[in-house]
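> Questions regarding the structure given below will be posed in turn.
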Amino acid sequence: MNTLTYAAAPASHHVVKPLPFSGSSVSILYDPPIPEFSLVNTTLKSGQTEVHRAIDGPSIAIIASGKGKIQWSDGSLDVVRGEAVFVGANIAINLLADSFAAGEEDETLEIYRAFVEV
């Protein structure tokens, strides 16, 4: 209860404006004015890849749709919609959306990654 703030403010004060994450056009950063966490939304079409820089704190990535792969320097993990992945601090990752063959349903890979930089 001691950490709650009871100061009233207009709704416009609480709007979080989306920004590109590390200059990307497919990863959007939502950085609320609180120190607890920030959120990156990455949306990749079939066959697209995206690099996320190392973050100075832990993160959790939730796969909202599609399927693909998360790669890091010495490993990788196949991911599908509904899964959650822990990413340790100071680890750069590559996100890869699966490529779909002709006739297969083409689904976008969408990942939400909550993180804190310490």
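The values are calculated or read from the model by the stated rules, or taken from the named source; none is laboratory data. Please read these numbers as outputs of a predicted model, since none were measured by experiment. In this analysis, Cβ positions are derived from the backbone assuming ideal geometry, glycine residues included, and neighbour counts consider all displayed protein chains.
> Consider the stretch 1-31. How many of its residues are in a loop (DSSP other than H, G, I, E, B) and not β-branched (Val, Ile, Thr)? It would help to see each step written out before you state the result.
Within the stretch 1-31, the subset in a loop (DSSP other than H, G, I, E, B) is 1-10, 15-18, 21-26, 31.
Right, trim to not β-branched (Val, Ile, Thr) and you get 1-2, 4, 6-10, 17-18, 21-25, 31.
Summing the residues that are in a loop (DSSP other than H, G, I, E, B) and not β-branched (Val, Ile, Thr) in the stretch 1-31 gives 16.
> Out of Ser59, Ser25, Ser46, report the one residue that is surrounded by 15 or more Cβ atoms within 10 Å (Cβ to Cβ), among the hydroxyl-bearing types (Ser, Thr, Tyr) and either modelled with pLDDT under 95 or touching a Cys at 6+ places or on another chain (Cβ under 8 Å) (or both). Step through it out loud before you land on a result.
On the way: Ser59 fails: either modelled with pLDDT under 95 or touching a Cys at 6+ places or on another chain (Cβ under 8 Å) (or both); Ser25 fails: surrounded by 15 or more Cβ atoms within 10 Å (Cβ to Cβ).
Selected residue: Ser46, the only one of Ser59, Ser25, Ser46 that is surrounded by 15 or more Cβ atoms within 10 Å (Cβ to Cβ), among the hydroxyl-bearing types (Ser, Thr, Tyr) and either modelled with pLDDT under 95 or touching a Cys at 6+ places or on another chain (Cβ under 8 Å) (or both).
> In the stretch 32-57, which residues are among the polar types (S, T, N, Q), under 16 Å from Asn94 (Cβ atoms) and either outside any loop (DSSP other than H, G, I, E, B) or touching a helix residue (DSSP H, G or I) at 6+ places or on another chain (Cβ under 9 Å) (or both)?
Thr42, Thr43, Thr49
> If you don't mind, another one. Go through (1) at negative phi; (2) surrounded by 10 or more Cβ atoms within 10 Å (Cβ to Cβ) for Ala7 and report which single condition fails.
In the conditions (1) at negative phi; (2) surrounded by 10 or more Cβ atoms within 10 Å (Cβ to Cβ), Ala7 misses (2) alone.
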